[in-house]
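Everything on this sheet refers to the single structure shown next.
The values are calculated or read from the model by the stated rules, or taken from the named source; none is laboratory data. Treat the numbers as computed from the prediction; the structure is a model and nothing was measured. Cβ coordinates were reconstructed from backbone atoms using ideal geometry, including for glycine residues, and neighbour counts include every protein chain displayed.
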Amino acid sequence: MLIATPNLCLDRTQLVPELVLGGVMRARSVEVTAGGKGVNIARVARAHRQKATVVGLVADRDRERLLRLLAEEGADVVDVPMPGDTRNAVIMIEQPSGRTTIVNEQGSTIDAEIWERYRGAVATNLPAHRTLSCSGSLPPGAPEDGYGQLVELAHKAGVLAVVDTAPGALRASLASAPDLVKPNLQEAEAAISGTSGLVLTDADSDVRERAMDAAATLCTLGARNAAVTAGAHGAALAEGAGGPVRWFPALKVQVVSAVGAGDSFLGGVLLELEAGGDAPDWPAAILRGSATASASCEQLRAGGVDPDRAAELLTQLRNQPTEPAGRLS
């Protein structure tokens, strides 16, 4: 799989006893890793001994550190240099409750020339791959339809294109008809409504109905298929505008950290697409994505997953009663 994830970052994960606004706290432990949605997906692929190539913009400052961290994990990286600072993501996980607070920086601004170099790097690497994942936010200065441009390149190369990004870039990609979009419920509703999505919070009311409705609407707006994840509740899949909409309940697991679970979900989807035939089996892909996400919640590191545990959970999901597909008007 080829993973376009231009806005790479450094994840700083802190375990704290409690997050107190306006207070002074001491972290129990801190881990710094390479970060970004695409990096998490690549971790899932490597855990399953599948090849994944990450195409990322690597900023000048902290460049050596970021590339060293990626190399230590065994990541295959196409490095597109850019000026500026490597952005940081601060992840605070309260122990023992597991409640998590995340602050994502934007990253340094790029210009049209840098974007064209990045776009060219993706185009050069596409022919050797079956799937393209457009994952994570776009850096400031990138065209809003940047992922839409990459989807069009993928389709010209006969490659399946999947998009999982911030609400504005997600909505802008829909005109290019990505094969699948995979936002979480809050991102999907922000993309549909046209709100900024700068602050996303969980809302547990009517989750199943909202997710199914959002998936159907994203297909109406241009996506060929849409999966909308809703954390521990499950995920909705809409197959085309006016097509069937299914709900896939999630399994209950002991959660260590849910950070990156959505990326692990997409990693599982991509693994199924890579292994499948010419016609993607989207329900099968969603089941594998759900199992992979649940397994990743049992690990602290984002994108960390035990493939044997993921396989065990997938068997459980396949043995669950199947809910009939419906259609939303």
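Screening the candidates T292, T220 for the property of being closer than 28 Å to H129 by Cβ and of a type in the set (S, T, N, Q) yields one hit, T292. Of all the listed residues (W282, W247), the sole one being surrounded by 15 or more Cβ atoms within 10 Å (Cβ to Cβ), more than 19 Å from the chain's Cα centre (by Cα) and in contact (Cβ under 8 Å) with a residue 60 or more places away in the chain is W247.
Among the residues of the range 35-58, what is the count of those that are surrounded by 21 or more Cβ atoms within 10 Å (Cβ to Cβ), part of a strand (DSSP E or B) and at pLDDT 95 or above? Count: 4.
Please go through the range 118-175 and pick out each residue that is charged (D, E, K, R), over 16 Å from V54 (Cβ atoms) and under 16 Å from the mean Cα position of the chain (by Cα). If the condition is that a residue be charged (D, E, K, R), over 16 Å from V54 (Cβ atoms) and under 16 Å from the mean Cα position of the chain (by Cα), then R171 is the only one that fits. Note on the range 260-272: among residues that are surrounded by 24 or more Cβ atoms within 10 Å (Cβ to Cβ) and not small (G, A, S), the one that is farthest from the chain's Cα centre (by Cα) is L271.
Just one of the listed residues (L132, L150, L138) is assigned to a helix (DSSP H, G or I), touching a residue at least 40 places away in the same chain (Cβ under 8 Å) and either touching a helix residue (DSSP H, G or I) at 6+ places or on another chain (Cβ under 9 Å) or under 26 Å from W282 (Cβ atoms) (or both), and it is L150. Residues in the range 287-302 include none that are assigned to a helix (DSSP H, G or I), aliphatic (A, V, I, L, M), out of contact with any Lys or Arg (no Cβ under 8 Å at 6 or more places or on another chain) and over 25 Å from A34 (Cα atoms).
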